Structure formats: structure tokens, C-alpha cells
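A.B. asks: Pasting a structure here, questions to come.
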Amino acid sequence: MDHYGYPWIRSPHSSTCTTQQYTEAFHINKLDSPKPEDGSEYFNFAIITATKLLDAKPLKTVIKSSFSRLIIDEYQDCTVLQHKMILALSKILPTHILGDPLQGIFEFRNNPIVDMDSDDEMQGLNQNIQDQQKLAKDFGERLIEVKILYDALQMERNLLLAKNKMITTKSTFAFQSWVPADLVEGISQKLISQWNCYVYAVDAQEDENFPVLLKNPPIGQSVEMITEMYSLPDCREADPNRIMAFFYIMFFGLMLGDAGYGLLLAAFCGFVVWKYELEAGTKQFLRMLMYCGIATIFWGAMFGGWFGDLLSRTLGGSEVNVAVWFNPINDPERLLLWSLIFGVIHTFTGIGIGGYNLIREKKYLDAIIETLFKYILFTGLIMVVLPFVPSVGGAFAQRAAYYGKYVFLVGLILTILGGINGAKNIIAGLFSGVAKLYDVVSFFSDILSYARILALGLATGVVGAIVNQMAVMGGLSIGGVILFIAVFLFGHTLNIALNALSAYVHSSRLQYIEFFGKFYKGGGKAFDPLKMDTEYIKVKLEV
């Protein structure tokens, strides 16, 4: 109800319409009608008049076109007159009433409240609701026809929009469009062979931004959605997906780190991709998870994780080492070391791609300053801190730190001098170079961020081992076997779900922040050609 006590109609756009508006708009004998200041007399007049007007076909058409459904709240305070109007409205719109007779608080003089418990009074409304439900059922049976019509109209709309972009005369038309470079010759020959037309192609200008069309092998394609969630690459920078795919899948496998989980993940995703016809995005995502599952099998075998410590327990006890390489639970510092090493490689690769992009733009001096000088600076930093890294020490680390301070000093000098490039004067350039030394702090924090690989890898293994320990607590009795099956299935299902989600999120985070932060511009616009873009119906063309 609104503040006048009139029922309201709610549309998807939250519009509100009252009986007063319809009465004032359509009532003809306004001289004989009461005034709003007449109170209850005008109130009853408005309700009765609006109810009569609802029989008018034009008004029904307006209401159907303007609103999707009728929702009435606090129905226990609805009067009999209002109820009659709602009965009329329920023949026009799907109607929903909300109310509790025990919460009724209003009574109107000479205008009784509707009895919601009375079958006689509610029968008409219930019948109208049943009629609407039958219409909905009939509509559902013809839903496929509506979907086909929707897609057909959508394609027709796209064609009309494309035609509006053409230059047309009575006998001719002209248009321009973007075409992938490797398709220009084939498309030109096709057009010339079928129509009397003239086709010419020109390359994009240096200052012109053209749309982006990604082309990668299957593994690279699988992570394109990860990149697109961040941003498409700029039209003039390198597509990072081929290189990123290797790191993303590897980090996912390291974080999940259980061969049994990886086997289930790869088998399930591979089966779904092979068995079912899927949307392109869904298929791409499942293929990525399949590759991640394969990586998880590899790293799980290297670390000895098979559904937690199930394999080692089966072979004689949790102390049995089934790891091909080492067990992170027994030697976490070793995994931390390798996590940091992988982080350095990942970060250095990102810096290298940044240099490659500068070379493509023919900014050769910038490429040297932003790539080679950073390599020298960061390599010196790594050498200096090497004795403080877990599992590293001895004479080698001390000697590396000794020479590293000189390498780091050379990197500092080169970085400061590199600030002169492009500066207005030497002093401003030197200050700019000094500001770039903050990259040392950023690099150090970025490398420490890869410690998350250790944290997530240990979490998977430790929780899996705890699940196995809980599962065998019942012994070999019938109850113990039932307990084992229940705990094992529930515990490992929950563990794989939570840790697979964590691996997905944190692997993406390492790409977005630590990797893309070294080179990625982004902001590209996707190549979106005119095509049969359907939402419900799949169209296959046979050429």
C-alpha cells in the first residue's frame, strides 16, 4: 500500500501507480466527483471508479505494457473495495499477495477489511491466480518457440545496426571494417567473386587503435579468460597468454599439490569437455582446469600427496616416504625456497616481456634501461640476501653476497643514470632515477608474495592427513567402515573444493599483480565482427 492506502503495482523498474492517477486521468464526469479533501468519500469513489476503468481494453493494454506483475503487501489491512479492484487487476497481471491476518491493525469506518480466511471472499482471487499459473504453464510449453523468435529478432537487429553504419545510395553502398590480417586476401577474393564490388585493404595507422583478436594454441587459449577478466592486451603489445599459461598452471598445481585431487579434477573436466556440447567460455574454463589437474598430478607425485597421506598409510604408515622429490610437510623450508625461486623466474619473465614490448615500439634505449638495468639491480639484491634465505647458506652464499654488493651497486648507479633518459634536464633526470630505486622495495615484496605457494600447498596436505586420521578412528568394525567412507568422502570433497578455489584465486592474483605489473598495459577492445550471435539456439554452418 502507498501512503494514501491505495494498492501499488511494482514493475522491474520500480515504478509506482495509484488509483488516484487512473481516476484523475480517465474519469469523465469530474464535476460530479468528490475532491481529495473530502476524505473517505473521495477514497471510496477513487477505488470504485478505478475498478470500473479496469474493464477498458486500452487501459488493460497500458498496464500490461508498463508492468510485469502486481505485488500487494500487508494484505490483512486491505478493504473489501480494494479487494474488488485487486480482483480486476489480477485478471490483467500475475498477482502476488503478502499478508498475515494476525497482524491486522487497521479498521475503516463503513469500509470493512477483507477476510483472508474466507474462501468466499478469496475465491475470485485464487481463481485468477490459478488462471495465471495455467497461462504460465502454457507459455512454458511454447518457450522454445519464444527463444527461437528472440534469437531471430536479435540477429535481425544486428543486421539493421550494421546497415545503419553503411554509406548508401539508390544503387550502391560502401562500408569499412576491421579484418584480421591473415584473412584479408581470402575475404577480398570471396567478395569480388560473388559481387560486383571494389575492395581495398590498408594497414592500421601508427596512432590508430585497432581491435584485439587473440590467437593461441589450446593451452594458451585455456587461460585467455583469466587475462580477459583483468583486461584484454593493448593492440600493440605482446599477447602474454602463451607464457602466462605455463606459470598459471604450474602455480595451480603447486598450490593444490595432491596427485589424487589432480587426478579427479583432470578426469572430471576432461570427461565433461569430451562428452558434452558446451558454450565456448565454459569449455575453455573446464579445459584450463583439466590442464591444472594434470599439473597437480605431477606436483602431487613429486611431493608424495595422494589424498593426503593415504598412499603412505596404505604402504605401512605416515612415516613412509612416497614423494618422488621431497615431502613439504617434513621439509617446508625447502618448498619455501623453491617458491621464491619460481617467483624470481616469474617476475624476471614479466620484466623481459616489458622489454620486448618496448623493442616492438622501437624504444631501444628504454628497453635497455627498463630491462637490462633492472636485471642487474635485482640480481645484485638477490645475491646480497642469499645467506638469509631458508635452506641456503655456507661458503657459496657468503661468496655470492660478497660479489652481489658490487653488482647491486652497479645496478643502483645505472638505474639513477637511466632516469636522465627523456628528462627535461640532468637534475630532474637524476631525481627521477632516484625515485625508481623504490622498485627495489616493490621487487622484494613481490618475491615474498610467492610464499603463498608454500602456505596453500601445506594446507592441502595437512588437511588431507587430518581427514584420513579422523576416518580411521572407527577401526575395522562395520560402524568403523561406514565412518571411514563418510568422513573420507565428505572431508576430501570439501578439501579439494576449498583448496582448488584458493589455488584458482591466488594463481590469478600472482598473474595480475606480480606478473602483469611488470609490463602489462591492457585496455584493448575485443574484435567483435557481425555474426550470428545467439543466446539460446546454437547455429552450425556447413560450408
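A.B. asks: Of the residues 72, 113, 105, which is at pLDDT 80 or above and of a type in the set (Val, Ile, Thr)?
C.D. replies: The conditions single out 72.
A.B. asks: Another question about this same structure. Would you please name the residue that is surrounded by the most Cβ atoms within 10 Å (Cβ to Cβ), looking only at residues in the range 470-485 that are of a type in the set (A, V, I, L, M) and within 21 Å of residue 460 (Cβ to Cβ)?
C.D. replies: 471
A.B. asks: Any residue at all in the range 506-527 that's among the small types (Gly, Ala, Ser) and either in contact with a helix residue (DSSP H, G or I) (Cβ under 6 Å, 6 or more places away or on another chain) or over 22 Å from residue 244 (Cβ atoms) (or both)?
C.D. replies: Yes, that holds for at least one residue.
A.B. asks: While we're on this one: Would you point out the residue of the range 414-430, among those that are assigned to a helix (DSSP H, G or I) and in contact with a helix residue (DSSP H, G or I) (Cβ under 9 Å, 6 or more places away or on another chain), that is farthest from residue 365 (Cα to Cα)?
C.D. replies: Only one residue tops the list, namely 430.
A.B. asks: So, one more: Give the residue, chosen from 533, 446, that is within 25 Å of residue 296 (Cα to Cα), of a type in the set (D, E, K, R) and touching a residue at least 60 places away in the same chain (Cβ under 8 Å).
C.D. replies: 446
A.B. asks: Can you tell me how many residues within the range 277-309 are in a helix (DSSP H, G or I), out of contact with any Ser or Thr (no Cβ under 7 Å at 6 or more places or on another chain) and within 22 Å of residue 501 (Cβ to Cβ)?
C.D. replies: 17
A.B. asks: Go through (1) under 30 Å from residue 179 (Cα atoms); (2) surrounded by fewer than 17 Cβ atoms within 10 Å (Cβ to Cβ) for residue 276 and report which single condition fails.
C.D. replies: (1)
A.B. asks: Also, quick follow-up: If you check residue 312 against the conditions, is it out of contact with any strand residue (DSSP E or B) (no Cβ under 7 Å at 6 or more places or on another chain) and closer than 30 Å to residue 472 by Cα?
C.D. replies: yes
A.B. asks: Would it be correct to say that residue 340 is in a helix (DSSP H, G or I) and over 18 Å from residue 515 (Cβ atoms)?
C.D. replies: So residue 340 does not fit the description; no.
A.B. asks: Here's something else I'd like to know. Restricting attention to the range 362-416, which residues are of a type in the set (S, T, N, Q) and either closer than 20 Å to residue 352 by Cα or crowded, with 19+ Cβ neighbours inside 10 Å (or both)?
C.D. replies: 371, 379, 415
A.B. asks: Looking at (1) of a type in the set (S, T, N, Q); (2) within 30 Å of residue 461 (Cβ to Cβ); (3) surrounded by 17 or more Cβ atoms within 10 Å (Cβ to Cβ), find the lone condition where residue 357 falls short.
C.D. replies: Result: residue 357 fails condition (2) only.
A.B. asks: While we're looking at this one, here's another question. Give all pairs with beta carbons closer than 7 Å in which a residue from the range 128-153 that is at positive phi meets a residue that is of a type in the set (Val, Ile, Thr) and modelled with pLDDT of 75 or more; count only pairs at least 6 apart in sequence or on separate chains.
C.D. replies: Filtered contacts from the range 128-153: no entries.
A.B. asks: When you scan the range 506-531, how many residues do you find that are out of contact with any Lys or Arg (no Cβ under 7 Å at 6 or more places or on another chain) and either more than 21 Å from residue 215 (Cα to Cα) or loosely packed, with under 12 Cβ neighbours inside 10 Å (or both)?
C.D. replies: 10
Residue by residue, here is whether (1) over 21 Å from residue 356 (Cα atoms); (2) assigned to a helix (DSSP H, G or I); (3) touching a Lys or Arg at 6+ places or on another chain (Cβ under 7 Å); (4) modelled with pLDDT under 95 holds:
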site	(1), (2), (3), (4)
203	yes, no, no, yes
207	no, no, no, yes
215	no, no, no, yes
249	yes, yes, no, no
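A.B. asks: Mind listing whichever residues of the range 486-499 are aliphatic (A, V, I, L, M) and either surrounded by fewer than 18 Cβ atoms within 10 Å (Cβ to Cβ) or more than 18 Å from residue 459 (Cβ to Cβ) (or both)?
C.D. replies: Those that are aliphatic (A, V, I, L, M) and either surrounded by fewer than 18 Cβ atoms within 10 Å (Cβ to Cβ) or more than 18 Å from residue 459 (Cβ to Cβ) (or both): 486, 487, 489, 494, 497, 498.
The values are calculated or read from the model by the stated rules, or taken from the named source; none is laboratory data. In this text the structure is predicted, and so the values were computed from the model without any measurement. Positions of Cβ are generated from backbone atoms using ideal geometry, with glycine treated the same way; all protein chains shown enter the neighbour counts.
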